[in-house]
Amino acid sequence: RGGEEGKRMAEGDAAVTGVAMDAPAAQGAVTAPAATAAAAAPATSAGAEGVGMGRSEKQMAAKAYLVEKVQPVLSEALSQLAKATPEDPVQFVIDYVRKNNPNAPPPPKPKVVFVLGGPGSGKGTQCAKIVSDFGWDHVSAGDLLRDEVQSKSPEGVMIGEMIRNGQIVPGHITVGLLKKSIERSSAAGVLVDGFPRKIDQAGMFESMVCLAEFVLFFDCPEEVMEKRLLERGKTSGRSDDNIKSIKKRFKTFVDQSMPVVAYYEAKDMVHKVDATMTVDQVYARVAKYFSETTPKTGAAAGQAVPGTAPHADLDNSTPAVTSAAEPIADAPLAPAGPADPVATS
């Protein structure tokens, strides 16, 4: 009996021991997923943090963009809105932002057309009509030089000194003034009157400013131009409208400007117009060159522009109305004045 009881006690101890030995395995089976989850938890947290950082960076970039690009112009628009109190505030803000948009692409550069012709060829009259009908700007090198002297700027003072000393105004100064004038223009194009006068000025302008669209050349015989200028001299009060000055100006034009015309003819850039006809006949031919690229902004064809005087005919009996006297760049320049005007275009 004692032996049987001892055997049962031994079997009970073994069963208890087996259960105890199995417990760690079962515990391990239960805790393994937990361990896996615990191990995965840091990775998930790091991913969420990365997403959060990505969103934060995008938000900061968006805020910087708005502060830099939008806020200044929008704040000013709202400030102006408060002052103006328009009936349509939304449209006011839209118009203001469009007009003052600092991020808008720069406007296209105006086209440039050189206008050449001898003194008395009538190019000043034709330029005035182009300005009226097509909204182009009209500049002359001589006017720009005189304006710069009058401005008392450092460059103007230097030009004035050169004029008083009878020195030659360097071409790069004239081209520089033309460049500034063209860059300030908001017109569709700029007529550059009486320039270039020499081939080196043409090359300098092309390198410093741009290539001209074309050259408008008013072709007129000397005897016709001479008759016009002498007729004009009866009432103009200009001392250079006399036969001696006229002959000298013709020679200067032939010697200096005709090679420029030949230079551009070789490039197939010259539109030559017979300037012996009347103003209207000449303009009918001139206008077509601008109609191809620029819509009319003034009067419609055949109508007078309000507020402008009719143009005199450029025939053999009526003198041409030419542009104001202008100095010759790259030539000795004399101060402009009523008693001693410089060479005209």
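What the table shows:
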| quantity | calculated |
| --- | --- |
| Some residue of the range 102-113 being open to solvent by less than 10 Å² (accessible area, probe 1.4 Å) and either under 15 Å from ALA287 (Cα atoms) or in contact with a Ser or Thr (Cβ under 7 Å, 6 or more places away or on another chain) (or both) | yes |
| Any hit, the range 72-91, residues being in contact with a Pro (Cβ under 9 Å, 6 or more places away or on another chain), open to solvent by 60 Å² or more (accessible area, probe 1.4 Å) and part of a loop (DSSP other than H, G, I, E, B) | no |
| Condition check for VAL224: touching a Phe, Trp or Tyr at 6+ places or on another chain (Cβ under 9 Å), modelled with pLDDT of 90 or more and among the β-branched types (Val, Ile, Thr) | no |
| Among the candidates ALA202, ALA212, residue that is touching a strand residue (DSSP E or B) at 6+ places or on another chain (Cβ under 7 Å) and either crowded, with 21+ Cβ neighbours inside 10 Å or not hydroxyl-bearing (Ser, Thr, Tyr) (or both) | ALA212 |
| Selection within the range 187-203 - under 19 Å from the mean Cα position of the chain (by Cα) and more than 15 Å from LEU145 (Cβ to Cβ) | ALA187, ALA188, GLY189, VAL190, LEU191 |
| The range 279-291: number of residues that are open to solvent by 30 Å² or more (accessible area, probe 1.4 Å) and over 13 Å from LEU216 (Cβ atoms) | 4 |
| Helices (runs of 4 or more DSSP H) within the range 179-292 that include 2 or more residues within 27 Å of LYS109 (Cβ to Cβ) and either free of Cβ contacts under 8 Å to residues at least 12 places away in the same chain or out of contact with any Lys or Arg (no Cβ under 6 Å at 6 or more places or on another chain) (or both) | 199-208, 258-265, 279-291 |
| Members of the range 250-287 found to be touching a strand residue (DSSP E or B) at 6+ places or on another chain (Cβ under 8 Å) and under 11 Å from GLY118 (Cβ atoms), listed by number | SER257, VAL261, ALA275 |
| Yes/no for LEU177 being at pLDDT 95 or above and open to solvent by less than 70 Å² (accessible area, probe 1.4 Å) | no |
| Helices (runs of 4 or more DSSP H) contained entirely in the range 118-164, each with at least 2 residues that are open to solvent by 10 Å² or more (accessible area, probe 1.4 Å) and within 20 Å of ARG249 (Cα to Cα) | 141-151 |
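The values are calculated or read from the model by the stated rules, or taken from the named source; none is laboratory data. In this text, all values refer to a predicted model and were calculated from it rather than measured experimentally. For neighbour counting, all protein chains shown are included, and Cβ atoms are generated from backbone atoms with ideal geometry for every residue, glycine included. These accessible areas exclude ligands, DNA and RNA; they are computed on the full protein's heavy atoms, side chains included. Shrake-Rupley method; radii C 1.70, N 1.55, O 1.52, S 1.80 Å.
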